[in-house]
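In what follows, a structure is listed as structure tokens, so that the remarks can point back to it.
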Amino acid sequence: MHALSNMDLAAAAWFLFAWLGFNLLIDVSPLRKKTLSSAMETYRRGWMRAMSLREVRIMDTSIMSGLQQGTAFFASTSLLAIGGGFALLDATERIVQVAGDLSIPVADSRALWEIKVLALMLIFAYGFFKFGWAYRLFNYASIVMGAVPQQGQASDEVIAKMAAQAGELGVLAGRHFNRGQRALFFSIGFLGWFAGPYVFAATTLAVLLVLLRRQFVSKARAAVLLGQYPNLGSADKSGEYTDTGSSNPFT
């Protein structure tokens with residue numbers, strides 16, 4: 001810890017505050033209902049309800065397979081990034097020497113460089129565990145989805161209950177996937193630390209602002225909300241939605 005200056009400690013504290021604070025804002029605070037992630041959770045639940053009314057569910061299984069593949073890709077990427085971190089640790093002395101010769105503003109001591117690399121590897125490890133658990137949850141959701149009876153094979157109450165269970169598993173999987181992605185996004189801001197604490201603080205702020213914009217004022221959020229789903233209505237037995245005039249057919 002003696003290798004870290006007061007500015008390094010302050011920048012690291014700001015990074016943790018920004019990352020944890022953003023997670024709390026999106027997942028726990030009252031403002032979470034206004035986020036893009038919350039809107040997509042509504043669609044995840046609605047998707048499972050619509051799925052339960054369809055006789056042919058090939059489209060639904062294809063979508064679930066795509067979600068699993070995307071999650072597996074990010075999990076593999078996190079592992080590769082951790083491997084890259086070990087390579088950086090192995091080449092610490094050479095990197096510090098080259099940086100000094102070229103006057104590149106990176107860590108000027110072996111201890112400081114190793115602290116930064118190890119911290120970056122911890123971020124990737126956190127992301128891997130989140131992606132790994134999200135992949136497992138998507139797997140559980142697909143199993144429950146496959147167990148949802150078709151119309152006429154069980155009571156409407158049983159079908160609706162099992163569809164809701166699949167929807168909640170999908171929501172949980174999405175939340176863990178989002179947290180894993182946030183770890184990767186904030187790891188980009190963390191790279192600024194290799195150029196010094198002031199750059200570290202600036203890159204952390206930049207990443208935070210980008211993520212806040214995406215959740216609250218992005219075009220994606222506007223497209224998803226569309227006036228709180230005025231044209232979705234309620235699903236009939238074919239799984240298609242008809243306009244009922246409800247402001248939110250999924251609640």
Does the stretch 150-159 contain at least one residue that is surrounded by 15 or more Cβ atoms within 10 Å (Cβ to Cβ), among the polar types (S, T, N, Q), out of contact with any Ser or Thr (no Cβ under 8 Å at 6 or more places or on another chain) and within 30 Å of Glu55 (Cα to Cα)?
no
Within the set of pairs 6 or more residues apart or between chains, which connect a residue that is among the β-branched types (Val, Ile, Thr) inside the stretch 166-192 to a residue that is surrounded by fewer than 19 Cβ atoms within 10 Å (Cβ to Cβ) and modelled with pLDDT of 95 or more with Cβ atoms less than 9 Å apart?
Ile188/Ala206
For the stretch 176-183, check the following and say yes or no: at least one residue is modelled with pLDDT under 95 and charged (D, E, K, R).
no
Among the residues of the stretch 96-129 satisfying the criterion of being in a helix (DSSP H, G or I) and among the β-branched types (Val, Ile, Thr), which is modelled with the lowest pLDDT?
Val98
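Check whether at least one residue in the stretch 43-56 is assigned to a helix (DSSP H, G or I) and β-branched (Val, Ile, Thr), and report yes or no.
No: the stretch 43-56 contains no residue that is assigned to a helix (DSSP H, G or I) and β-branched (Val, Ile, Thr).
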When every residue in the stretch 1-37 that is polar (S, T, N, Q) and free of Cβ contacts under 8 Å to residues at least 12 places away in the same chain is compared, the one surrounded by the most Cβ atoms within 10 Å (Cβ to Cβ) is Ser29
Just to be sure before I move on: is Ala183 aliphatic (A, V, I, L, M) and surrounded by 20 or more Cβ atoms within 10 Å (Cβ to Cβ) in the structure I sent?
yes
(1) closer than 29 Å to Gly192 by Cβ; (2) surrounded by fewer than 18 Cβ atoms within 10 Å (Cβ to Cβ); (3) in contact (Cβ under 8 Å) with a residue 12 or more places away in the chain all hold for Ser78 apart from (2)
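The values are calculated or read from the model by the stated rules, or taken from the named source; none is laboratory data. What you see is a predicted model, and the numbers here were worked out from it, not measured in a lab. Positions of Cβ are generated from backbone atoms using ideal geometry, with glycine treated the same way; all protein chains shown enter the neighbour counts.
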